[in-house]
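First up is the structure itself, then whatever we jot down about it.
Read-outs: derived from the displayed coordinates by stated rules, not from any lab. Remember, predicted model here, so these are calculated numbers, not experimental data. Positions of Cβ are backbone-derived with ideal geometry, glycine not excepted, and every protein chain shown enters the neighbour counts.
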Amino acid sequence: MARKKPAVKPGAKDAAREKLKWETARELGLDDDLANPGEELTVREAGKIGGNMVKKLVRAGEKALEEEDNDPGPESKNLR
């Protein structure tokens, strides 16, 4: 039987994505550009932020899959 995904609060994904964006911009030294609403990011700056966000998400997904593979889960306990 497949595991159910935990319920996610409305807006939680947006908040997490926003947090990741600011964290990534800060690491790249672009948070000051992102903070000033009158200024716009260049395509290059936005691409750097977005590309690094994707890298982080891929790493997190790979880690989650690795942990899932290493965790026998309740199904395998019943088989013993």
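Summary of values
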{"quantity": "Inter-label distance for residue 20 and residue 40, nm, one decimal - labels placed 7 Å from Cα along Cα-to-Cβ", "calculated": "2.6"}
{"quantity": "Options 25, 60, 41, ranked by Cα towards positive dipole end of the stretch 12-68, top entry (Cβ charges)", "calculated": "60"}
{"quantity": "Pairwise Cα inverse-distance average, inverted: Kirkwood Rh of the stretch 12-68 (Å)", "calculated": "12.2"}
